[in-house]
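The values are calculated or read from the model by the stated rules, or taken from the named source; none is laboratory data. Every value quoted in this text rests on a predicted model; they were computed, and no experiment measured them. Every residue, glycine as well, gets a Cβ built from its backbone with ideal geometry; the counts of neighbours run over all protein chains shown. For the accessible areas, the whole protein counts, side chains as well, though only heavy atoms, and no ligand, DNA or RNA atoms are used. Shrake-Rupley method; radii C 1.70, N 1.55, O 1.52, S 1.80 Å.
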Amino acid sequence: MVLPDFTLNGDLPAGVHIASWQEFQERFGVGTSRRVWLSSRLEALLGLAAGTGKLRRIFVWGSFVTTKPSPKDLDILLIMDEDFEVEKIELPAQTVFNSLRAKLLFESDVFWTRASIGEEVLPLWLETYQTSRDFRKRGIVELEPL
């Protein structure tokens, strides 16, 4: 897998682009101290989510997957197994699924759903996440699970 080149606007081309953790890190987790720091927060967050044994899919969008040297935060969608229940996981991992705590600890806006959302609804969510604040279409990244 190879992530595509950035557009002239500094975004990925529209669409969902699949990347391994290594490729993602090499592309987005370097260059500035802010990127390195946010990347470390993402790795910690994903480690907790994966540690539940229920993580199916990971999507990242927003300023972190652009050429912006100092991204504001991380925007993440986690797809969890149908039988996932926040109340039944270890306390540290619960922070990932609490929007306020995730923002404070990981500088991340974490959205999550169960896989039972269905193949009809998920594309609508992903289409929304590909739209920038100025209504431009831009790409998002689906990370292979860690």
Q: Sort through R138, R57 and tell me the only one that's open to solvent by 10 Å² or more (accessible area, probe 1.4 Å), at pLDDT 95 or above, in contact with an Asp or Glu (Cβ under 6 Å, 6 or more places away or on another chain) and not acidic (D, E).
A: R138
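Could you grab me the full set of residues in the range 120-146 that are in a strand (DSSP E or B) and small (G, A, S)?
The initial filter retains those residues of the range 120-146 that are in a strand (DSSP E or B), namely 131, 137, 139-143.
Passing the criteria: only G139.
Do you know which residues across the range 103-135 are among the aliphatic types (A, V, I, L, M) and open to solvent by less than 40 Å² (accessible area, probe 1.4 Å)? Steps first, answer last, please.
Narrowing the range 103-135 to residues among the aliphatic types (A, V, I, L, M): 104-105, 110, 115, 117, 121-122, 124, 126.
Passing the criteria: V110, A115, I117, L122, L126.
Each row is one residue, and each column tells you yes or no for (1) of a type in the set (D, E, K, R); (2) farther than 17 Å from L146 by Cβ.
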{"site": "D5", "(1), (2)": "yes, yes"}
{"site": "I18", "(1), (2)": "no, no"}
{"site": "V36", "(1), (2)": "no, yes"}
{"site": "R41", "(1), (2)": "yes, no"}
{"site": "F64", "(1), (2)": "no, no"}
{"site": "L78", "(1), (2)": "no, no"}
{"site": "I89", "(1), (2)": "no, no"}
{"site": "S108", "(1), (2)": "no, no"}
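Is it true that V96 is under 28 Å from L8 (Cα atoms), modelled with pLDDT of 95 or more, touching a helix residue (DSSP H, G or I) at 6+ places or on another chain (Cβ under 7 Å) and aliphatic (A, V, I, L, M)? It would help to see each step written out before you state the result.
Details: under 28 Å from L8 (Cα atoms): no; modelled with pLDDT of 95 or more: yes; touching a helix residue (DSSP H, G or I) at 6+ places or on another chain (Cβ under 7 Å): yes; aliphatic (A, V, I, L, M): yes.
It is false that V96 is under 28 Å from L8 (Cα atoms), modelled with pLDDT of 95 or more, touching a helix residue (DSSP H, G or I) at 6+ places or on another chain (Cβ under 7 Å) and aliphatic (A, V, I, L, M).
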